[in-house]
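**Student:** Here's a structure for you.
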Amino acid sequence: MVGKTMKAVRQHEFGGPEVLRYEDAPRPEIQPGEVLVRVHAVGVNPPDWYLRDGYKMLPPEWQPQVPFPVILGTDISGVVEALADDVSGFSVGDEVYAMVRFPSFGPSKAYAEYVTVPATELALKPPGIDHQHAAAAPMSLLTAWQFMIELGHDEPNPLQPAKHQPVPLQGKTVLINGAAGGVGHLAVQIAKWRGARVIAVASAEHEAFLRELGADEFIDYTQTDAEEVVRDIDLVIDAVGGPNTGRFLRTLKRGGALFPIFPLGFSGAEEASQLGVAVSATQVRSNGAQLAEVGRLLDAGTLRVVIDSRFALADAAKAHERAARGHIRGKIVLRVD
Ligand SMILES: NC(=O)c1ccc[n+]([C@@H]2O[C@H](COP(=O)([O-])OP(=O)(O)OC[C@H]3O[C@@H](n4cnc5c(N)ncnc54)[C@H](OP(=O)(O)O)[C@@H]3O)[C@@H](O)[C@H]2O)c1
């Protein structure tokens, strides 16, 4: 194996999409506990462009040191090529998917023909969906799942002192902001599957799409500020988040909860406590067991991952340009085969 190369998308400096280079890179070698996967498709997520840009959106003390050249990405679907001797539960030739090493930083990442994956982060690909749909799922679906259904780990929460606790959804009214995006379109479906009434907030072009996914009501945020027209909500999932997320506090009933998926910049703790509203967030973590569980829902069609657009791995820069234009409906994926 020593000396083998592969094609990968790497960057040697921070910057815009133009810093992404499709080039030869060393093929990663498996360490104990790992599986080598021949990648068929890659899912694109916001942390990919945060890294590409140099984590400008993070406070300086949170910005990790990045060892260049670096390969981007976390979400893959592919076929097992080799396994470390101590790995059981997978075999060469298995179709698998994963969110690789998030939030930790590892030597082998997703925008490549091969990636090594800790076996604990891997699950069998749902047989009923193809590699592109499977690669589109992990980060967005694990985020929605860990916020809404089950955290799935006891690691310290980097975003708040308390462990994040999902809340019951059955019979509740749930407002989802950013409903058409990667996390949002899955959050809509999870809330409906668990028996909630869903109000989806997105731009007008996504209304039919979101109603088809189950949204009971739709608010076009370009025409109407949701916080001016809704009250008595049980749970707001704000998949846009950031400093403006506090505007949703007044839409919630006492005892309700606001879950900002991107909570940095939130400054409404005092108002939340006066209103009797809980505000809670967490950072998504890789979890193979949860991917196996949600994989059954993907396989059954209970949850559906929708693809916004597809690009060849060599055109990763174009995929990032697409992301920068915004209004993403579902997920952007890269084809590797
Ligand atoms: N906590 C975690 O561990 C975690 C994990 C994953 C993602 N995140 C964060 O969660 C956020 C969402 O991620 P994602 O993958 O779902 O992103 P995404 O796929 O880019 O989706 C964002 C969606 O928000 C909509 N939007 C933009 N501005 C809006 C506004 N003002 N009001 C309502 N909707 C708006 C966009 O479409 P329209 O404008 O056309 O409606 C788009 O559909 C990102 O900030 C990401 O960093 C956090």
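Laboratory data are not the source of any read-out in this text; all were calculated from the coordinates shown. This one's a predicted model, so the numbers in the text were calculated from it and none came from an experiment. Using ideal geometry, Cβ is built from the backbone for each residue, glycine included, and neighbour counts are taken over all protein chains shown.
**Student:** In debye to the nearest 20, how big a dipole does region 156-279 give about its Cα centre with +1 on each Lys and Arg Cβ and -1 on each Asp and Glu Cβ?
**Tutor:** Result for region 156-279 is approximately 540 debye, rounded to the nearest 20.
**Student:** Taking each pair of different alpha-carbon atoms in region 197-254 once, compute 1/r for the pair, average those values, and report the inverse of that mean as the Kirkwood hydrodynamic radius in Å to one decimal.
**Tutor:** 11.9 Å
**Student:** In region 6-21, which residues have a backbone nitrogen under 12 Å from the label point lying 7 Å from Asp53's Cα in the Cα-to-Cβ direction?
**Tutor:** Residues passing the 12 Å test: 15-17.
**Student:** Quote the charge dipole size of the chain about the Cα centre in Debye, to the nearest 20; the model charges only the Cβ of Lys and Arg (+1) and of Asp and Glu (-1).
**Tutor:** With Lys and Arg at +1 and Asp and Glu at -1, about 280 debye.
**Student:** Remind me, relative contact order of region 156-279 in percent, using alpha carbon pairs under 8 angstrom and six or more residues apart? Display every interim value, and only then the final one.
**Tutor:** Numbers: 245 pairs, mean separation 25.2, N = 124.
For region 156-279, the relative contact order is 20 percent.
**Student:** Another question, then. Taking θ as phi - 60°, what are the ³J(HN,Hα) couplings along region 321-329 by the Karplus curve (6.51, -1.76, 1.60), each to the nearest whole Hz, with x for Gly and Pro?
**Tutor:** The phi angles translate into 5, 4, 4, 5, 6, x, 6, 5, 10 Hz.
**Student:** Something else about it: Can you list the residues, at least 5 places off or on another chain, whose amide H is less than 5 Å from the amide H of Leu258, using H built in the peptide plane?
**Tutor:** Val236, Ala278, Val279, Ser280
**Student:** Of all DSSP beta bridges in the chain, what percent run antiparallel (nearest 5)?
**Tutor:** 60 percent
**Student:** Here is a further query. Which residues among region 145-166 fall inside the zone where the amide N is under 18 Å from a point 7 Å beyond the Cα of Ser273, along Cα→Cβ?
**Tutor:** Counting backbone N atoms under 18 Å from the label point, the list is 160-163.
**Student:** Could you work out the relative contact order of the chain, using alpha carbon pairs under 8 angstrom and six or more residues apart, expressed as a whole percent?
**Tutor:** Values: 805 pairs, mean separation 65.3, N = 337.
So the answer I get is 19 percent.
**Student:** Could you list, in their original order, any pairs among Lys163/Lys253; Lys125/Lys318; Lys109/Lys163 whose Cα atoms are separated by more than 24 Å?
**Tutor:** Over 24 Å apart, Cα to Cα: Lys125/Lys318; Lys109/Lys163.
**Student:** Next up: List Val80, Val42, Val70, Val284 from most exposed to least, where exposure is judged by having the fewest other Cβ atoms within 10 Å.
**Tutor:** By the 10 Å Cβ count, ascending: Val70, Val80, Val284, Val42.
**Student:** Moving on to the next point. I need to check one value: relative contact order of region 114-206, counting alpha carbon pairs closer than 8 Å and at least 6 residues apart, in percent.
**Tutor:** Value for region 114-206: 24 percent.
**Student:** Okay, next question. Just how many % of Cα pairs in region 156-279 lie over 23 Å apart, if you round to the nearest whole percent?
**Tutor:** So the pairs more than 23 Å apart make up 24 percent of the total in region 156-279.
**Student:** When a footprinting reagent is the concern and you count Cβ atoms within 10 Å, what order do Trp49, Trp193 take, fewest first? Spell out each step's value before the answer.
**Tutor:** Working: Trp49 18, Trp193 14.
Lowest to highest Cβ neighbour count: Trp193, Trp49.
**Student:** Using the Cα centre as the reference, give the magnitude of the dipole from point charges on the C-beta atoms of region 214-322 (Lys, Arg: +1; Asp, Glu: -1; all else neutral), rounded to the nearest 20 debye.
**Tutor:** 340 debye
**Student:** Continuing with this model, one more query. What is the ratio of the Cα radius of gyration of the chain to 2.2 N^0.38 Å, with N the residue count, to two decimals? Display every interim value, and only then the final one.
**Tutor:** Details: Rg = 19.6 Å, N = 337, 2.2 N^0.38 = 20.1 Å.
So the chain has a normalised radius of gyration of 0.98.
**Student:** For region 46-93 and region 236-257, write down the distance between their C-alpha centroids in whole Å.
**Tutor:** Using only Cα atoms to place each centre, the spacing works out to 31 Å.
**Student:** Distance from a point 7 Å along Cα→Cβ of Asp86 to each backbone N in region 23-54: keep the residues under 15 Å and list them by number.
**Tutor:** Correct set: 30-35.
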